[in-house]
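The values are calculated or read from the model by the stated rules, or taken from the named source; none is laboratory data. Predicted, not measured: the structure shown is a model, and the values here were computed from it. Every residue, glycine among them, receives a Cβ derived from its backbone with ideal geometry; neighbour counts consider all protein chains shown.
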Amino acid sequence: MTPALAPSKQAEYNSTIRPVGAGAGPRVDPDQIPSVVTVRELNQKYYSTHMYPTMEKLCPPVATTEYCAVDQGSSNPKFGRLTLCSVPASADLLATTHLPLGMVLQPFAKLRPDEQEIPVLDFGENGPPRCNRCRAYINPFMQFADGGTKFICNMCQFANPVRGDYYSPVDASARRIDRDQRPELNLGTVEFMVPKEYWKVTPEPMKYIFVVDVSADAVNKSLPHLTAQAIRRALYGPDGGLPDGCRIAIITYDRTLHFYNLNSKLSQAQMMVVTEVDESFLPLMDGLFVDPQESRFVIEDLLDRLEVLFEDLKVPEPAFGAVLDVAFQALSASGGKVIATLSALTTWGPGRLAFRDDPRQYHTEKEKLLFSSENSYYKNWGHKYAEAGIGLDLFVFPSTYVDLASVGMVSELSGGETFYYPNFVPQRDGRRMIAEMSTVVNRETGYQGQLKVRCSNGLQVTSYYGNFYHSRLASDIELGNVDAHKSIVVMFKHDGKLDAKLDAHFQSALLYTTKNGQRRIRCHNFVAGVTTQVKEIVKFCDEDALLAVMAKEAVQRMTSDALKDIRAGINDKCVQILASYRKHGAATSSPGQLILPEALKELTVLLLCLIKTRALRGGNVNSDVRVFSMRLLKSMPLDDLSLYLYPRIFGLHNLQERDGFVDEATGQFKMPAYVRASISRLDEGGAYLIDNGQSCFLWIHRRVNPNFLKDLFGPNIGKLEALDPYLNEFPEIDTPLSRQVRNIVTYLEDRRGSKAMSIQLARQELDGAEYEVLAMMVEDRNSEAMNYVDYLCHVHKHIQLVNVN
């Protein structure tokens, strides 16, 4: 299977760079160097009118592209993408390119309504057919022989007998007669119901525990009130609610733990308090977990009273470590999900922490210690949660340091997620927090997960990167929870040679329990061609998958290596890849030319963006902020990662007539033209939305037209100072501009990942958020890093030195 280049990537790109010191002025024309914006727009334009066929030898679309894929036997690339669509036949050939061979998996990726739903297949007590040698599951690439009585495994080439209940005759071409009626023989992605031998415990509908911080800091920030709103929206709002059979519990905590009997027969919830947090226990089980519909009156009454119950107490220290213990006690037998809030450093009870964020340690050998857990308490609980099939999603609202490296360890190891709100302002950030907590509850989620990846003979799995627990004694990784917004990187190496006449095959098998209590295996199958040519390898490299692997490898090193060494390693890797291509894969050219392979022509700017993330950038950055960014990079899927590194930017002051509406010719929503991420590209008097998938800013130039403000915000707003600094959504104004902008925001909201769309105002020379905007101008010089042009020249200079040596 030889792939073809995706649209917008069709010719070798050569940029002539003047030798250093030759002549005056810029050495590179900024308008002629590769543009992320141009590639995204061309790719989106193509896939607005074309579908992506998974077996038609096309490289996957750009990660940010909205597209419809047709599963033809190899899985939809939304579920998984290889770094190399043409796999090198040998380890030596792979080493020559300096490229990694890996796969980015997103097992629960959200599909479009017009894409093939994943079929759920039940093979009864025998379970799905599998290879007896390598244990791969039946898939479209297995061949049938001996009149249909045997099947040849596509992974290990072993001939397996076909069991009686799965037998079917074959035709003259050895094709099963019933193949067209067998989804597992036609589709790359299927789910199998599994018998009891696959059960960890008897599966049951998912249980949720909402853990609410009611300490002094939390009450001062209105967190009990906002969390109550979030729980109400998640359970009873427009987001959908939980499947039948799911149960919920609510626990509040400060220095003590408060449990609630939510039995539907009660007139109101009964509170039980545990004061001995060092030896905490569950004071009740009957009435702790309840059906949210049966007990709705009792639950809503408690949510109404939640803030009032603690507004006069204001106990200063939250015993978060004790919460982890009691939540585990409640869920250890069944698995489930814990959704917790935390507002301050945990200085009370088990797992108590000390303030250790010392700026004097920044840029020293000791800085890396700030990025790992100081207290083994949290790491141990992370292991226990993962092994018991429990996931923790943690919402953190710090005024100062909270040691996110420690308290967030449970979320990282259990397959959960951390949401971080520094400088939390309820009026500005409350709406976003409510939406994100509701998303966490209602997104597609599995629990008690185990992931196994298999590959063709000649390859083997070497490592995994992401948020999970991996015991050294096991080949599978443990996922307490797995959801739609997480990705996992799997790395491969050669343990033999691949036959260039045959394809390379990969299979991901995720064993998990659904929200409604069914034990299933979600199986993804991928196929790629094999080559002996360096040029072919580089030509069909997936830039987005490569970037994800390099990002996750880089942040994995943060607990062991100095940040400056990690940044230098990224630069060196970029130089090695491009120098190798110039030497082994490119046509002869003059030393003054920078040769960028078409498939990787944006690699330099995207790696520059990676160096500028909060996790890796130079300068003084709070360690909690670095750790939060590090964990984002470890788990975020490709589309989120691409936006996080290079934001989408577009003007609102110069919208075209059809922007913000469905294009009649294509049936697709028409977005405005994007702008490159440089402050020099922003118009004087302009207004821009700047969105990196995590945060969205509205930047407005100080000389903006007053009529624009009136059309967008209302007739009473004629100058920037009149805008509400805590604006987080656009008002509904009866003007064409207002309708266009609100349509655009709604469109972006619908395609958002786990982070809700909330607009933060960044008025030029008025709002502190403008500093965040300037940091997102990744083509400019900032964060102690070069601008794009200088970085390109820097890389080119080092490529020349490599080739000379």
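Considering only the range 236-277, give the strands (runs of 3 or more DSSP E) lying wholly within it that have at least 3 residues that are over 23 Å from residue 220 (Cα atoms).
247-253, 270-274
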Report task. All but one of (1) modelled with pLDDT under 95; (2) touching a Ser or Thr at 6+ places or on another chain (Cβ under 7 Å); (3) within 27 Å of residue 535 (Cβ to Cβ); (4) not acidic (Asp, Glu) hold for residue 63, so report the exception by its number. Result -> (1)
Query raised in the report: Does the range 108-132 hold any residues that are charged (D, E, K, R) and either within 18 Å of residue 183 (Cα to Cα) or assigned to a loop (DSSP other than H, G, I, E, B) (or both), and which are they?
Result: 110, 112, 114, 115, 117, 122, 130
Query raised in the report: Can you find a residue in the range 133-144 that is over 30 Å from residue 88 (Cβ atoms), touching a Lys or Arg at 6+ places or on another chain (Cβ under 9 Å) and not in a strand (DSSP E or B)?
Result: no
Requested in this report: Mind listing just one residue for me: the one in the range 761-805 that is touching a helix residue (DSSP H, G or I) at 6+ places or on another chain (Cβ under 7 Å) and of a type in the set (Val, Ile, Thr) and, of those, nearest to residue 694 (Cα to Cα)?
Outcome: 778
Requested in this report: Would you be able to tell me the number of residues in the range 562-572 that are in contact (Cβ under 8 Å) with a residue 40 or more places away in the chain and surrounded by 15 or more Cβ atoms within 10 Å (Cβ to Cβ)?
Outcome: 6
Query raised in the report: Just for strands (runs of 3 or more DSSP E) wholly inside the range 488-606: which have at least 2 residues that are closer than 30 Å to residue 617 by Cβ?
Result: 488-494, 593-596
**Report entry** Of all residues in the range 462-478 being touching a helix residue (DSSP H, G or I) at 6+ places or on another chain (Cβ under 7 Å) and in a strand (DSSP E or B), the one that is farthest from residue 76 (Cα to Cα)
**Finding:** 469
Query raised in the report: Given the residues 411, 373, which is the only one that is at pLDDT below 95 and either among the hydroxyl-bearing types (Ser, Thr, Tyr) or in a helix (DSSP H, G or I) (or both)?
Result: 373
Query raised in the report: Listed residues 512, 469; which is touching a residue at least 12 places away in the same chain (Cβ under 8 Å), within 21 Å of residue 202 (Cβ to Cβ) and of a type in the set (Phe, Trp, Tyr)?
Result: 512
Report task. Return yes or no: is residue 193 surrounded by fewer than 17 Cβ atoms within 10 Å (Cβ to Cβ), touching a residue at least 60 places away in the same chain (Cβ under 8 Å) and in contact with a Lys or Arg (Cβ under 9 Å, 6 or more places away or on another chain)? Result -> yes
Requested in this report: Would you check which residues across the range 744-764 are of a type outside the set (Gly, Ala, Ser), assigned to a loop (DSSP other than H, G, I, E, B) and under 21 Å from the mean Cα position of the chain (by Cα) and list them?
Outcome: 751, 752, 755, 757
**Report entry** Candidates 346, 364 - the one that is assigned to a loop (DSSP other than H, G, I, E, B), closer than 27 Å to residue 275 by Cβ and of a type in the set (Val, Ile, Thr)
**Finding:** 346
